[in-house]
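All of the numbers you see were taken from the coordinates with simple rules; none came from a lab. Predicted model, so just to flag it, every value in this text is computed and none were measured. As a convention, Cβ positions derive from the backbone with ideal geometry for all residues, glycine included, and neighbour counts pool all protein chains shown.
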2 protein chains.
Amino acid sequence: MRISELSTASGVTIPTIKFYLRENLLPSGEATSANQARYDESHVKRLTLIRALLEIGGLSVAAARDVIDAVDNADLPLNQVFGIAQRAISGSNLSTNSASAESRARVASVLTERKWHVTDDNPGLAGAAKVLDRFSALGHPELIDLIDDYALAADIVARADLRVVGKQPNVAAMAETVVAGTVLGDAVFAALRRIAQEHVSSEMHPAPHPLSQAPASIPDRRKS
Amino acid sequence: MRISELSTASGVTIPTIKFYLRENLLPSGEATSANQARYDESHVKRLTLIRALLEIGGLSVAAARDVIDAVDNADLPLNQVFGIAQRAISGSNLSTNSASAESRARVASVLTERKWHVTDDNPGLAGAAKVLDRFSALGHPELIDLIDDYALAADIVARADLRVVGKQPNVAAMAETVVAGTVLGDAVFAALRRIAQEHVSSEMHPAPHPLSQAPASIPDRRKS
């Protein structure tokens, strides 16, 4: 198909497709003349992955390229693709400062409790510890102890993740599943958590749920 | 304290503090002269909440103001603060297009299975359905069935969330806990999921974990 047809099939505008080509996120099409190239279904699918990484995953173009390079590199062992995807995603939010020794120790206590064994540079270790620091800084240290129940839930989720990855027919498909599942899995879990919170909240306080009777706007406390 | 001392105590620069004041995220200090105002510990704490919402939660200034207005409005029932926080956070990522009827039905099946009862406008419903659509669009419909295990995990997390909220001494503290817990809870869960994924992955494939032997850079497939 031509670039205009690729645009229609993928819902991505031609200027954006050209940007992804320039940034090496999308492989070039097969040249049919000096100014034209032919694209196929693999380009449509790749555009969906790119948009998922950038728009749902919130990755930078450089981080998305790292992940896509890993997906395209069939020689890379699966665990390593996992690591690259994890780093790309964590890098966007959680890897600027270091966490306190106290919070790192609290995270380590969770690993001991759950008998989890991971390498020291797993990005989740610093990520979790930094959030615990924020709970303290906000004056809500009692939120820190949520981590024990969260870890139980994370174990359930990770086992489901790996079960699906293990059923893929080849390494490329496994790698793509890791990327899509890691990026989009956070979003679907967050959505389900919102649903569960409302359910549990109304179970505990069985009044009519206020979302259905919310005022048109929030009372305005601003002075001007 | 003066604005310079507030800056030191909070780690936020004076121009940024002035921006938050102009945007009504931070309440004015007590005026001591035409050009000076006095701030207190409540301002330090509020600055931490603002930064958590903007930097960790990824909220827009307008969405952060909605959440902060809700926290400051002690008359608002707790469930309603929950709803406002949920909408602010979901709005930043997941509320542009509508999801397919098929994905909405799949999410509804999860609610039936778990006996969850929520209002139709819970933002998690559309959010979850939209991610299921993305799984299909990416050519990985098998990821959709992850939702059943994810829902079990979300139930565990939500019960822990509500238990902590219920222990707060007053409505303002409850509201602040909901906000901090909702925004930061997603981040801590995602971090723990990364840790659990590596553990489960190495449990299933007990080779030395490749993160510890990763090459210095990813092989470059780019042409130019």
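Projecting 7 Å from Cα along the Cα-to-Cβ direction, the label point of B:THR8 sits 6.7 nm from its equivalents in the other copies, listed shortest first. The two copies B and A are related by a rotation, and the chain B beta carbon nearest its axis, with distance in whole angstrom, is B:ALA153, 2. Reducing segment A:180-200 and segment B:127-174 to their Cα centroids gives an inter-centroid distance of 3 Å. Couplings for segment A:186-198, taken from phi via the Karplus curve 6.51 cos²θ - 1.76 cosθ + 1.60 with θ = phi - 60°, read 4, 5, 5, 5, 4, 5, 5, 5, 4, 5, 4, 4, 5 Hz in order; Gly and Pro are left as x. The alpha carbons of segment B:62-202 stretch over 47, 37, 30 Å along the principal axes, in descending order.
The lysines whose alpha-carbon is closer than 21 Å to the alpha-carbon of A:LYS167, local same-chain residues fewer than 8 away aside, are A:LYS45. Distant-in-sequence amide contacts of B:ALA37, defined by a placed amide H-H separation under 5 Å and a gap of 5 or more residues or a different chain, comprise B:ILE3, B:THR32. Note on A:ASP72, A:ASP121: ascending count of other Cβ atoms within 10 Å places them as A:ASP121, A:ASP72, the fewest first.
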